[in-house]
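Engineer: Okay, here's the structure, questions in a sec.
Bear in mind these aren't lab numbers, they're just calculated from the coordinates by the rules spelled out. Nothing here was measured: the structure is a model prediction, and the numbers come from that model. Here the Cβ positions follow ideal geometry from the backbone for every residue, glycine too, while neighbour counts run over all protein chains shown.
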Amino acid sequence: MEDPNKLQRKMSAAGESLYKTLGLEKGASQEAIKKAYRKLALRHHPDKNPDNLEAAEKFKEINNANSILSDEDKRKIYDEYGSMGLYVAEQFGEDSVKYYFLMSKCWFKTLLVCCGIFTCCCCFCCCCFCCGKAKPSENEDNFAYMDPEDLEAEIREHDAGEDGPIVIQPHATNGAK
């Protein structure tokens, strides 16, 4: 169980705390990340500090920082959007991160409200399906139900009439006789 006195971490948007965990500056090379990770992992490894719980927690933080900063895609998301970007990538996928942050901007929300006001439509597309303006007319809704057996009998009667002899001469369509 977690300690209730321990401060809960907030999601960073700056993307710097993982670098600080490893003692690096933002934008460090992969070699520098690997070197710093090995140095700190040896120092804080639980096997070298068996009775020290703080060292075990620090080791977990170091491993987390290394796993994120070693992966190019996660590092790019972290550098641009911080830990909140990593959380969004975990929930919605890495491709959806930029769209999530785009839709959370104030100007985007304002644009959506203005589109709703100007189009007088709740789905912003003026298709009017949601408002009922393009609803099918009542004539389309009131059709006569025909029993399938009656329909089949009518089709048989119609087909039976075509089997008779042809008594009308075909006419030319271009006006020539």
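Engineer: Determine, from the Cβ-Cβ distance of residue 94 and residue 32 and an R0 of 22 Å, the FRET efficiency 1/(1 + (r/R0)^6), rounded to the nearest 0.05.
Structural biologist: The calculated FRET efficiency here is 0.35.
Engineer: Could I ask something else about it? Once you've got the Cα coordinates, tell me which of 20/109; 26/48; 34/105; 34/109; 20/48; 39/98 are over 31 Å apart.
Structural biologist: 20/109; 34/105; 34/109; 39/98
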